[in-house]
Amino acid sequence: MTTNSTEATTLRSRRCGSLRAADAGTDVRLGGWVHGKRNLGGLVFLDLRDRDGIVQVSVDPALVGEAVRDAAAAVGKESVVLVEGEVVRRPPTGENRDMATGEIEVRARSVRVVGPAVTPAIPVGRAKGEALPSEEQRLRHRYLDLRRPELQRNIILRHRLMQTARRYLAGEGYLEIETPILTKPTPEGARDYIVPSRLHKGEFYALPQSPQLYKQLLMVSGFDRYFQIARCFRDEDLRAERQPEFTQIDIEASFVQQADIVRLTEGLFVELWREGGHAIVAPFEHLTYADAMERYGSDRPDLRYGLELFDATAIFAATELGIARSAIATGGRVRGIRVPKGASLSRKQVDELETLAKGAGAGGLLRLKREGSELSGPPAKFLDAGARERLALAGGDLALFAAGADRVTSAALDRVRQETARLLGIVPDGVLRFLWVTDFPMFGCDPATGALGPTHHPFTAPHPDDAPLLDTDPLRARAQAYDVVLNGMELGCGSIRIHDPEMQRRVFSHIGIDEETAQRRFGFLLEGLRSGAPPHGGIAMGVDRIAMLLAGAGSLRDVIAFPKTTTASALFEGAPSPVPEADLRTLHVRIANGAGEE
RNA sequence: GGGGCUGUAGCUCAGCUGGUUAGAGUGCCGGUCUGUCACACCGGAGGUCGCGGGUUCGAGCCCCGUCAGCCCCGCCA
């Protein structure tokens with residue numbers, strides 16, 4: 001009997017999927033799920049599946065007797081069976097090169113059905129080319145969907161990534177410390193998930209949106225280097241890349257500057273991507289926020305292709321083009337992208353690009369096309385020879401322009417740039433362009449109210465050079481905040497934190513948090529900062545997104561064992577669900593019925 | 001909060017301009033078959049056309065509402 005210490009139990013000696021030609025001649029006991037079955041009348045073949053893979057079991061009545069053969073022939077798909085038998089080489093004509101175990105099979109001596117299964121609601125084993133069941137079915141019958149080899153691979157990869165992160169961070173001297181799940185509600189930022197308190201009538205806990213305050217306090221407490229694979233919760237609407245509960249690798253360290261966190265993160269990414277089968281090289285590229293916005297219109301640009309934005313204000317400034325003139329007169333600019341070979345895009349495609357630009361707030365999208373030496377398009381007649389020269393369009397090129405405030409042109413041209421690259425098919429496969437975006441502004445301005453808000457979060461330290469700007473020109477002040485971006489997707493964000501309580505008060509006051517409010521919401525942090533706080537900073541990285549990228553999955557749901565739907569429901573278990581009236585009373589909670597009671 | 005797409009057999013889908021008894025593949029059940037691996041072959045069962053209302057002589061198909069899933073905008077410090 002061959003055994004393997006990480007596979008063997010008292011009931012089985014090996015996993016199905018781990019058997020190879022070298023095991024031929026040995027006796028094994030297997031336990032697995034019936035993935036498929038072929039009944040040839042005399043001989044019966046079972047495909048037996050476990051987390052390692054699938055192996056063929058042959059059930060020959062000459063060896064096991066008619067009764068066992070009949071039982072094997074009658075077993076339903078997805079039933080759990082125990083098989084005892086000998087690993088044998090298949091006859092040469094019977095080998096299956098598509099299977100990792102295809103050189104061998106297990107010749108059964110006994111077959112015992114220990115977990116009979118009703119007919120599965122959705123197929124687990126699919127024929128080549130057979131469509132996946134709908135997302136809804138898959139989520140409703142998640143226990144079956146998770147049996148699919150693809151999802152097993154994803155979930156196992158996720159495990160390996162988390163182990164890699166733990167190993168790397170522990171090796172760097174980081175301590176894994178848990179922080180509370182029942183926390184204080186924070187009116188800042190995203191909506192909290194709220195948990196009513198039984199012992200404190202009318203009071204509530206919140207589930208954490210991040211362990212931010214706790215990890216800062218751990219630095220105050222002297223733990224020096226902290227990490228946690230932390231579950232976080234946000235009661236916001238969902239997207240394909242956003243779940244209401246998600247997992248972050250959360251890191252904080254003392255006596256660090258940005259360069260320390262950058263180095264640590266790059267080291268971690270090298271290890272994670274190696275675990276995922278990719279060799280990547282550190283250090284990563286850097287762009288300041290200002291450069292990223294200027295060149296790509298985005299704070300998380302995809303660098304796998306060009307199509308950079310350029311400032312065309314000077315080209316259009318002297319023209320009679322009304323759109324350009326009015327934008328410039330109101331302090332805006334004309335910005336554009338040159339699209340090499342873009343003249344091949346159809347009018348309809350460019351119209352769709354314009355729709356995207358309008359959706360981002362632009363009034364429209366000006367187009368110029370050069371074919372041969374001929375320049376065509378609505379603005380062409382306004383451009384003199386000098387302007388044409390500066391456009392620097394080659395034959396077959398297209399240029400697209402948006403006019404207005406930078407906020408609008410950036411958003412519009414960012415979308416146009418991404419969609420153009422997709423339409424032209426110039427986004428290369430298999431290229432990993434990691435990027436640090438640094439020097440985010442301290443504050444953003446709510447266009448509706450004009451109020452200042454933190455770009456990152458209110459605990460982010462200002463750039464040392466820009467501290468004086470806080471009081472004179474806060475919108476120009478840069479923060480020591482940084483994002484790590486891959487191919488246009490934000491994978492992590494972090495900052496150096498404020499450790500000076502006086503500075504923290506100043507920043508609070510700029511974003512409209514007065515002394516009393518600050519004390520009420522963040523009093524415990526402020527006290528901590530007054531009690532001897534080291535300079536500190538950190539970062540948080542999205543485990544789900546990283547796992548999705550490395551698994552090549554199309555959705556976060558494919559790397560989360562039990563994900564929620566776009567309305568934050570768990571279809572399998574039926575959450576959320578009502579609570580008995582008596583329980584609500586205990587929690588001092590009453591459901592408002594109808595508008596009158598709201 | 002808003003927009004788009006989808007919902008027909010266990011599963012994946014087709015269903016024409018509103019017109020007879022709603023079809024296919026697969027799965028399931030029964031039968032034949034000793035080297036298959038999408039086994040093959042023969043036979044069979046299986047439908048609240050998401051739900052509610054309306055228009056019509058007649059609705060899977062048209063209209064209104066509603067629920068669910070997916071995608072997007074807003075939102076996500």
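The values are calculated or read from the model by the stated rules, or taken from the named source; none is laboratory data. Please read all numbers here as calculations on a predicted model, not as lab measurements. Cβ atoms come from the backbone with ideal geometry, glycine included; neighbour counts cover every protein chain shown. All accessible areas refer to the heavy atoms of the entire protein, side chains included, with ligands and DNA or RNA removed. Shrake-Rupley method; radii C 1.70, N 1.55, O 1.52, S 1.80 Å.
See the values below:
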item	result
Accessible area of chain A belonging to carbon and sulfur atoms, whole % at 1.4 Å probe	51
Sequence-distant residues sharing a close amide H with residue A:444 (under 5 Å, placed H)	A:453, A:455
About the Cα centre, charge dipole magnitude for the range A:212-343 (Lys/Arg +1, Asp/Glu -1 at Cβ), debye	400
Table column - 3J(HN,Hα) (Hz), the range A:246-261, Karplus curve with 6.51, -1.76, 1.60, x for Gly and Pro	8, 10, 10, 7, 9, 10, 8, 9, 9, 6, 10, 10, 3, 4, 5, 5
Charge dipole magnitude, Cβ of K and R +1, D and E -1 - chain A, Cα centre, debye nearest 20	1520
For the range A:147-224: accessible area per residue (Å², 1.4 Å)	55
The range A:74-140 shape via C-alpha gyration tensor axes, a/c threshold 1.5	oblate
Cα-projected label distance for residue A:5 with residue A:239, points at 7 Å along beta-carbon direction, nm	4.7
Cα-centred dipole magnitude for the range A:65-200, charges only on beta-carbon of K, R (+1) and D, E (-1), debye, nearest 20	60
Positive-pole candidate from A:454, A:580, A:17, dipole of chain A, charges at beta carbon	A:17
Where only C-alpha atoms are counted, convex hull volume of the range A:363-434 per residue in Å³	132
Proximal lysines to residue A:369, defined as alpha-carbon separation beneath 24 angstrom and excluding residues fewer than eight positions away on the same chain	A:341, A:348, A:358, A:381
Helical mean residue ellipticity (222 nm; -39500 (n - 2.57) per DSSP H run of 4+; nearest 500) of chain A	-9000 deg cm²/dmol
